[in-house]
1. Which one of these is among the aliphatic types (A, V, I, L, M) and surrounded by 24 or more Cβ atoms within 10 Å (Cβ to Cβ): A:237, A:293, A:249?
2. Give the residues of segment B:117-146 that are over 17 Å from residue B:195 (Cβ atoms), more than 14 Å from chain A (Cβ to nearest Cβ) and not in a loop (DSSP other than H, G, I, E, B), sorted by residue number.
3. Answer yes or no as to whether residue A:191 is within 14 Å of another protein chain (Cβ to nearest Cβ) and in contact with a Cys (Cβ under 9 Å, 6 or more places away or on another chain).
4. Take segment B:180-205 and flag every residue that is within 13 Å of chain A (Cβ to nearest Cβ), closer than 14 Å to residue B:63 by Cβ and in contact (Cβ under 8 Å) with a residue 60 or more places away in the chain.
5. Name the single residue that is surrounded by the most Cβ atoms within 10 Å (Cβ to Cβ) among those in segment B:201-221 being modelled with pLDDT of 90 or more and in a loop (DSSP other than H, G, I, E, B).
6. Can you say whether residue B:110 is over 28 Å from the mean Cα position of the chain (by Cα) and either at pLDDT 95 or above or surrounded by 22 or more Cβ atoms within 10 Å (Cβ to Cβ) (or both), as far as the supplied structure shows?
7. Yes or no: segment B:283-305 includes at least one residue that is out of contact with any helix residue (DSSP H, G or I) (no Cβ under 8 Å at 6 or more places or on another chain), within 14 Å of chain A (Cβ to nearest Cβ) and of a type outside the set (D, E, K, R).
8. Say whether the condition of being more than 11 Å from chain B (Cβ to nearest Cβ), hydroxyl-bearing (Ser, Thr, Tyr), surrounded by 21 or more Cβ atoms within 10 Å (Cβ to Cβ) and closer than 25 Å to residue B:206 by Cβ is met by at least one residue in segment A:95-109.
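The values are calculated or read from the model by the stated rules, or taken from the named source; none is laboratory data. Quantities reported herein were computed from a predicted structural model and do not represent experimental measurements. Note that we place each Cβ from the backbone using ideal geometry, even for glycine, and neighbour counts take in every protein chain shown.
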Amino acid sequence: MTGYILKRIVSAIPVLLGISIIVFLIMAMIPGDPATAILGSYATPENVAKLNSDLGLDKPLVQRYFIWLGNMLQGDFGRSFSLNREVLEEVQDRFGATLVLAGTAFVLCSLLGVAAGVVSASRQYGLADKLITFVVLLGISIPSFFIGMMMILIFAVNLRWFPVSGMWPIYGARDFSALISHLTLPALALTVVATGVIARLSRSAMLEVLRQDFIRTARAKGVSEHGVIWRHALRAAMVSIIPILGIQAGFVLSGAVYIEIVFQWPGIGRMLVDAILKRDILLVQGGVVFVAACYVLFNIAVDVAQSLLDPRIKA
Amino acid sequence: MRLFEITRRTLLATTAAATLVLGSGAAMAQTPPGVLIVGQIAEPKALDPAAVTAVNDFRILMNVYDGLVSYKDGTLEVEPALATDWSISEDGTEYTFNLREGVSFHDGSDFNADSVVFNFERMLNEDHAYHNTGPFPLSFFFSAVQKVEKLDAHTVKFSLNAPYAPFLSNLAYPTGLIVSPDAVQQHGVDFGRNPSGTGAFKFAEWRSNEAVVVEKNADYWGGAPELDAVVFRPITDASTRTAEMLAGGIDLMVEVPPVALSEFQGNTFTVHEQAGPHVWFLILNTKEGPFADKRVRQAANYAINKEAIVNDVLEGTAEVAAGPTPPAFAWAYNDDLTPYPYSPEKAKELLAEAGAEGAELTFYVTEGGSGMLDPITMGTAIQADLNAVGFKVNIETYEWNTFLGKVNPGLEGKADMAEMAWMTNDPDTLPFLALRTEAWPDKGGFNSGYYSNPKVDDLLETARASTDQSERAKLYQEMQTIVQEDAPWVFVANWKQNAVASDRVEGFSLQPSFFLLLDDVKKN
C-alpha cells in the first residue's frame, strides 16, 4: 500500500509541472499586463514599461518561468502586487476559508445525496422516489448563485435570521456559533446543486447492486430490508459512489467561486477572480498551483480509499 | 417501513440543528454606536498612499494621512493642511512651505521638514534607501520635482524643472499624503499593511478580506473626530453590498448601483449625491475615416441622446456633459457652454453635407472599468442612436485591461471611436494628457484620437505655466469652447458619485474630489 501511495504521488509531479506551465503561459498570453491594470487610465506605454520593469516583468518568458518555479520549489511563491502581501500567506488564509465552506458543503451533499439516492432506489418509482427526483432536478437546474441571492433576500434581508455576508462578525466574538451563523446560507446554497448530482448517481449505483444475486441471497436468508439496503447493498454500491464523491469534491470547490462572490466569503475562488481581473500574475499562478496540488492529493486519497474498500482494485 | 423511521429521525435531527443555528443567528447584532461601518467596493491594495492608485483605497487613506495641503470642503481648491502657508517664486518653479509645528505621527515620531524630504525622496529618487518599498505608480504626478530641500526644521522648498500649475493640487491628491518615515524604516515593504500617518484616524487592524479598522486619533491637530472607529468592509458584489445596507450590516455604502437606488427611498436611509471631476466620453479617430471631418464628429454629438443615457440607462446618477472639463472644477469651468442638443435632423444634415451617410464605424466598448459606469448598455444605446441617423456602427467589446491595451496606443487602423472615462484632480490633467498634439500616443500621451489644434496646445501650455488661478481659469474656459466646437470627442456624461447612509449617521457629505472624509461624521 505504501508503495502504491508513493507511486501515485510521484506520478502527480508531471501533472503539477504541466499545470504550472499552462497557468504561467495563460497569464503571459492574456492581453493586458499588470502595469496596465495598476495604472488604469494612466497607462501610457512609458509608464507601463517603467512599472513592468519595477515588477520584474521585463525579463524573457522562459527565464521568468524558471525563476518562479525555482523560488516555488523553495517555498517562495513571491509577493502579490495587488495585495502587497506574500502569495503563500494569502493563499493559505483564503484556502482555509474555502475549505470550511466547501468542506461543510461537501459533507452535507455527500450525506444528503447518498441518503436520497438510497431511499430513491429502494422505493423505485414510488412516491418517495418521484418526490426526491423532482427536488433533485430542481436543485440541479437552478444556478447556485441565484439560490444564494434568493437566500440572502429572504433569510438575511427580510427575516434577518442570518448575516448577509462575510465569514466572521465585524464585532463580537469569533466563536463557533458566529461561524455557523455566517456559514449556514452559503454552505446550503453550495450544497443544493451538488446534492442533486450525487443523489442521481447514487440511485443508479444502488439500483444496479439491488439487482444482484447476493442481495437476493441476503433477502432469502431473512436479513431485514433495512439491513439489506444499508448494510449489504450500500456497502457494495459505495465502490462506485466514492469516485463520484471525489469528482463532486472538485465540483463543490469550483462551485464555491460563485458562492464566495455572492456571500463575500473570503475564500480562494474570490481571490482568484480578483487576481485575474487585476492581472496579479504571481497570485493567480500560486493560487492555481496550490489548489491543483490539493486536488491531486485529494484524488489520490479517494483512490486509496477505494482500493481499501474493494480488494478487487489492485493497489 | 423502517426506512421512513430513519428519514423521520434524520428530519428531526435536521430540524433541531436548524433551530439551534437560527437561535444563534436571530440575535443579529446591531452595529455599535460611535463605530461607522463602511461598505467599500474592494479590498484595498495597500495603505501606503504612494503605492496605490484606486479611489477605493483613497477613501481609507484620506482619513489616516494628511498632505501638505488639502481640498477645501466641498470644492477642488486647495487650503493649508500640514503646511500652514507657502510662497511661490516669481517664475513658478520654487515652492516654499512652512510646516505646522507640534504635529506627530500615530507612531509617536515628529512631523517635520525631514519627514517631507524623506517622503518625496522615497518616491522619486531611485537611489533612496527605501525606494524599494514601492513601486510608486503615480510618482509621475511629481515628475516636475527636481529637488526637495529642508531649509529649517519646519520649512521645506520644492524646486521644479519648469513651472507646473497643478503642483499644489497634486500635493492635495493621495499620492502626496505624508507617511511616517520611522514606520517605513521599521516595516519596509510591509509598511502598506502597517501604516502610520498624522490623520484624524489611526490604523488599528487589517483583517484580510474582512475589514480595515481605524480608530480615533484623540490628538489630531485638527481636533479629535467624533467617531470612535471606522470599519471599512470590502464587499465587491454590488447586490450583496446593497443587501448588507438593507439588512443593517453596514452604515454607509458607496457606489450604489443605479438600479438599487429605489431600494433606499424612505426615512431609514439618506441618499447622498455629489458631482465630481469625472467625464465620460467617446474618443473619435480624427486622423482617418469619417471622423477626420469635423462635421461628422459634430453630427455624432448631435445624434446621441445623452439625456436618455443619463436618465434612463444611468437612472439619473449622471448629468449630461457639455465639454471636456467637468463642472466640478467650478473655478475653471466655462458656464457658457451648453451641451450639444439631441437633434437627429441636424446630425443628418451635417452628414449629408459631409457626404458621410452610411459610413461604417468600428466602436470599441469595454465591459467595465474604473469610472466607466455601465459601458455595455451605454455603448448599445449610442450604437442605436448613431444607426438611426445613418451610420453603421459595429461594436467590439473587450475586458477593461485588454481594452486599455487597445485604446491607449491609439485608434489608428483599428477603430473609429472608443468609450473612455477620466477622473482627475486638476482641470489641467485630462486635456493636457489627452487633447494636445504633443500627447499623441507615440509621444507617450493619451490622445488616442489624434486631435490636434495649435491654439488648444498653446492655451494648455500657457495655463500650465501660470500660477495665477484666475488667469488659468480664463485659458481653460477658452480651451473648452474651442474643443467643444472641434468635437474631437462625443461629450456624454459627468458622473455623480453617490452613497447611502443609514439614519444613524449624521454630518456626512460627499466631496467633489470623490474622497471620503469622516472626521466630522457622527453615528448614534
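1. A:237
2. Those that are over 17 Å from residue B:195 (Cβ atoms), more than 14 Å from chain A (Cβ to nearest Cβ) and not in a loop (DSSP other than H, G, I, E, B): B:117, B:120, B:121, B:145, B:146.
3. For residue A:191, the condition - within 14 Å of another protein chain (Cβ to nearest Cβ) and in contact with a Cys (Cβ under 9 Å, 6 or more places away or on another chain) - is met.
4. B:195
5. Going through the qualifying residues, I end up with B:217.
6. Taking the combined requirement at face value, the residue satisfies it.
7. So far as segment B:283-305 goes, no, none of its residues is out of contact with any helix residue (DSSP H, G or I) (no Cβ under 8 Å at 6 or more places or on another chain), within 14 Å of chain A (Cβ to nearest Cβ) and of a type outside the set (D, E, K, R).
8. yes
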